[in-house]
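This report concerns only the one structure given below.
All of the numbers you see were taken from the coordinates with simple rules; none came from a lab. Source: prediction; values computed, not measured.
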Amino acid sequence: MKNPVRARDHLAGRLDIADEKYPRDRLVATLDLIDSQQLEGDVTTALTTGESVLATAKNVSSPRLHRRLSGIATTLSRKHPGLATTTFAQRSVHGIEVPPSDPAPAIGAGGAAARLHR
């Protein structure tokens, strides 16, 4: 991408006109926007944009786009390690729709470990 700022402006415009009836188009535009934001070094905005697209991603049955979302999230987490990027990476890979502020469930609260010991 030669000019991430111009790309970002163009992609933001695509999101403004992307109809909710076409979640795949919206997901493609959003993934492109996250890439642009990441290239600019704007990790906070890339994470915010990424979090906003998780619900849309659930409505799109495209393994290729899901892999791309997971890849973007993993790259953000690897290049900018921290709680926010790690949480986003986990949510994008596993499709977990838990708000980032919610604590993780306690071990032994009926999860896989509890089922193994029954």
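Below is a table of values for the structure above.
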| quantity | calculated |
| --- | --- |
| Potential extension, His94-Ser70 segment - 0.36 nm per residue separation minus Cα distance | 7.7 nm |
| Stokes-Einstein translational diffusion, segment 25-96 - Kirkwood Rh over all Cα pairs, 1.567 mPa s, 4 °C, in µm²/s | 111 µm²/s |
